[in-house]
Amino acid sequence: MERASSFPSRRRLLKGGAALAALPYALLPGTEATAETAAVDYPLAEWAPASTSNYTASSRPTAYPLDYVVIHVTQETYSKTVAIFQNPEKTVSAHYLVRSADGHVAQCVRERDIAWHAGNWDYNTRSIGIEHEGWVDRPAYFTNALYEESAKLTAAICAKHGIPKDRAHIIGHYEVPGTDHTDPGPNWDWTRYIRLVNFA
């Protein structure tokens, strides 16, 4: 069942206000780390869990094969994106979020679970979604740190799940069938990114 078709678009949700954005993550209620939540799939990531209302629990890759990494751009700040993913009314999430300034990685959904990021149920089930802080028309957000740390993350995901490190399997959101999105946009340097992934 494709949930995205009956809810507002991901872009509109990410652009929408997020009241939680002003609160530091540590001050939010119910965020105490447990042994389960503290364990991330990518060792360099911080655990910043999305609301359980914003993704589908699964047992991938047993339940669904993993074939793609989908590259997104948030059209929002890092902190507001985390808050949006943690808001149970937003019905949107991604597995990872990369910060522009320093390449810091947050994991928001476990890789075994299905994040609601692609707007296409089939692609959601078979992919890992990585959001990048920034705007498609503001290339200054695509910093060296963002490219380098994201490429390390993508390389690790590909190695773990046997996903080829090429443009047929590392795709932009705009390449997902049925999408109305343009991210990561014309300023995203795919040649550089795929090279970094392969050398990571």
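The values are calculated or read from the model by the stated rules, or taken from the named source; none is laboratory data. These numbers come from a predicted model, not from an experiment. With ideal geometry, Cβ positions are generated from the backbone for all residues, glycine too; neighbour counts draw on all protein chains shown. Surface areas here come from the heavy atoms of the whole protein model, side chains and all, with no ligands, DNA or RNA. Shrake-Rupley method; radii C 1.70, N 1.55, O 1.52, S 1.80 Å.
Observations
- Matching residues in region 130-152 - criterion: being at negative phi, in contact with a helix residue (DSSP H, G or I) (Cβ under 9 Å, 6 or more places away or on another chain) and either buried (at least 20 other Cβ atoms within 10 Å of the Cβ) or hydroxyl-bearing (Ser, Thr, Tyr) (or both): Ile130, Glu131, His132, Glu133, Tyr147, Ser150, Ala151
- Lone qualifier among Val176, Val105 - being under 23 Å from Asp41 (Cβ atoms) and in contact with a Leu (Cβ under 9 Å, 6 or more places away or on another chain): Val105
- Condition met for Tyr96 (surrounded by 21 or more Cβ atoms within 10 Å (Cβ to Cβ), closer than 17 Å to Asp41 by Cβ and of a type in the set (Phe, Trp, Tyr)): yes
- Residue that is farthest from Pro49 (Cα to Cα), among those in region 108-133 that are acidic (Asp, Glu) and touching a strand residue (DSSP E or B) at 6+ places or on another chain (Cβ under 7 Å): Glu133
- Residues in region 151-198 that are more than 13 Å from Val69 (Cα to Cα) and without any contact (Cβ under 8 Å) to a residue 40 or more places away in the chain were compared, and the one that is nearest to the chain's Cα centre (by Cα) is Trp190.
- Residue pairs whose Cβ atoms lie under 7 Å apart, separated by 6 or more positions or on different chains, with the first residue in region 43-54 and over 14 Å from Leu153 (Cα atoms) and the second open to solvent by 50 Å² or more (accessible area, probe 1.4 Å), are Trp47/Ala33; Trp47/Ala38; Ala48/Tyr25; Ser51/Pro88; Ser53/Pro88; Asn54/Pro88.
- Scanning region 76-85 for residues that are of a type outside the set (Gly, Ala, Ser) and open to solvent by less than 30 Å² (accessible area, probe 1.4 Å) returns Glu76, Tyr78, Thr81, Val82, Ile84, Phe85.
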